[in-house]
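Contents: one structure, followed by commentary.
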C-alpha cells in the first residue's frame, strides 16, 4: 500500500517533467496539480500511509503533526499551479522550487545516511527552454505595467520583507532543528532523528517562497498573483497547524506562543498583500492581450 501511494504521486510528477512529445500542456498541468495536491493531502491528513516505515518503533502523533507542515507547501504549490492555469510557468519560479527540492532531497539522504550508514547518489534534472516569443510577451507585459505606474512601493517592499522572513525561517529551521524543537515542543515528548529531519525539510521548503518573492518583484502580474496565492495558502495552513498543535493535540510548550503570534501576524500580512495586489492588477489580463496583439503586428 505504501509503495502504491508513492508511485501514485511520483508517476505524474516524473511524466510532467520529462520531454515527452505527445504529452499535451493540459496533461502536464493536471498531472502537477494532482501530484502536489495528493501529496499535500496525504502528508497533512494521513502521513503514516507514506512514511510510517521510516520510523522504528511507534509512529506517534508528533511524527504525523510535523509532516503536516510540509504538506501545506505542496497544497500551496497545487493551488498556485491551478490559479496560474495551463501554459508555461516562469523558469525563475521553477528554479525556486528546484532549489527547495534539492535541499529536501539532501536532508532526507543525509538522514538516511546518518541512520543506516549508507551513501546514496542524486538525480539528474533537465528543463525545457522558453521560446523567444514567450520571453518577449513577458517583457512587454512587465514594461506595460511599469509604464502605467501600477507598481507601488508598498507592494515591492512587501515582497522584499517576505523574502527576508522566509530566508530567516529557512536558515533557522535548517541549521538549528534541535534548538527549535526543544524550545517549542513539550519536554515530555521524546525527539528523534525523524523529527529533526522534518524540521530541516520544513526549512528547505522555505527557500521556495524566499527566492520566489525576490523574483516576483520584477515578474509579470500574473506570476506575482500566483506566487502571492501560494504564500497565502502556506501561511494560512501554518497558522491553522499552530492552533491545532497548541490547543487540540497539545504538543507545544508555553514557549510556542511566540511562534504562534509571529505566524498570525505573517498570515494577516499576506492576506492584506494578496488582496491589494489583486485589486491593483485587476485589469492586467487586458493589457497582456493587447501586448500580444502589438507583438503580432510588429511581425
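The values are calculated or read from the model by the stated rules, or taken from the named source; none is laboratory data. Bear in mind that the values here come from a model prediction, so they are computed numbers and not experimental data. Quick reminder, even Gly has a Cβ in these numbers, built from the backbone with ideal geometry, and neighbours come from all protein chains shown.
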Restricting to the stretch 245-269, count the residues that are closer than 22 Å to residue 41 by Cβ, touching a residue at least 60 places away in the same chain (Cβ under 8 Å) and out of contact with any strand residue (DSSP E or B) (no Cβ under 9 Å at 6 or more places or on another chain).
1
Failed condition for residue 62, given (1) surrounded by 15 or more Cβ atoms within 10 Å (Cβ to Cβ); (2) at pLDDT below 65
(2)
Residues that are in a loop (DSSP other than H, G, I, E, B) and at pLDDT 60 or above: does the stretch 145-155 have at least one?
yes
Filter result (crowded, with 24+ Cβ neighbours inside 10 Å and closer than 15 Å to residue 169 by Cα) within the stretch 207-236:
207, 208, 209, 212, 213, 231, 234, 235
